[in-house]
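Q: The structure that follows is given in the form of structure tokens.
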Amino acid sequence: MNEWQHQETREIYWNHLLNVYFSGCKKSKMSTGFTKKRLESIKSQVMKDQSFWWDVIDRHGGVKDPVVLKLKCVQTYDHAFGNMVGMLHQYFVEKGIVK
């Protein structure tokens, strides 16, 4: 199995997004509408989405730990989490959470 296929790796990236990546972003860099409550409302759907996790993890090097990814290449890390934020925003739009 590749790293993106492991539930544990998905949880690591999800928690990193909420607890590290978002806290380090400037408000202007973040899409509007991102709150922990809204993210939790789509979490179960996102966790099952194979293409989402393939894009975030495998396409950006297949590294299990995002901290290690950032140490290896900050540009790849930023690109991976930028894609993650964009795809999460699309989930919000599709579910009618934001316009």
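The values are calculated or read from the model by the stated rules, or taken from the named source; none is laboratory data. Since this is a predicted model, take the numbers as computed values, not measurements. Note: ideal-geometry Cβ built from the backbone for every residue, glycine included; neighbour counts use all protein chains shown.
Q: Can you give me the number of residues within the stretch 1-23 that are of a type outside the set (A, V, I, L, M) and surrounded by 14 or more Cβ atoms within 10 Å (Cβ to Cβ)? Spell out how you get there, then give the answer.
A: Going through the stretch 1-23, the residues of a type outside the set (A, V, I, L, M) turn out to be 2-11, 13-16, 19, 21-23.
Filter once more, keeping what is surrounded by 14 or more Cβ atoms within 10 Å (Cβ to Cβ): 3-4, 6, 9-10, 13-14, 16, 21-22.
Looking only at that region, the number is 10.
Q: Kindly indicate which of ARG38, ARG59 is among the basic types (Lys, Arg), within 21 Å of HIS6 (Cα to Cα), surrounded by 13 or more Cβ atoms within 10 Å (Cβ to Cβ) and at pLDDT below 95. Step through it out loud before you land on a result.
A: On the way: ARG38 fails: within 21 Å of HIS6 (Cα to Cα).
Every option except ARG59 fails the conditions.
Q: Right, here's the next one. Can you find a residue that is over 17 Å from GLU11 (Cα atoms) and part of a helix (DSSP H, G or I) anywhere in the stretch 52-65?
A: Yes; the residues of the stretch 52-65 include at least one that is over 17 Å from GLU11 (Cα atoms) and part of a helix (DSSP H, G or I).
Q: Keeping to the stretch 62-84, report how many residues are in contact (Cβ under 8 Å) with a residue 24 or more places away in the chain and either surrounded by 17 or more Cβ atoms within 10 Å (Cβ to Cβ) or touching a Ser or Thr at 6+ places or on another chain (Cβ under 8 Å) (or both).
A: Keep residues of the stretch 62-84 that are in contact (Cβ under 8 Å) with a residue 24 or more places away in the chain, which gives 62-67, 80-81, 83-84.
After this cut, where a residue has to be either surrounded by 17 or more Cβ atoms within 10 Å (Cβ to Cβ) or touching a Ser or Thr at 6+ places or on another chain (Cβ under 8 Å) (or both) as well, the list is 63-64, 66, 80-81, 84.
Final tally of qualifying residues: 6.
Q: Tally time: how many residues in the stretch 85-99 are in a loop (DSSP other than H, G, I, E, B) and surrounded by 13 or more Cβ atoms within 10 Å (Cβ to Cβ)?
A: 2
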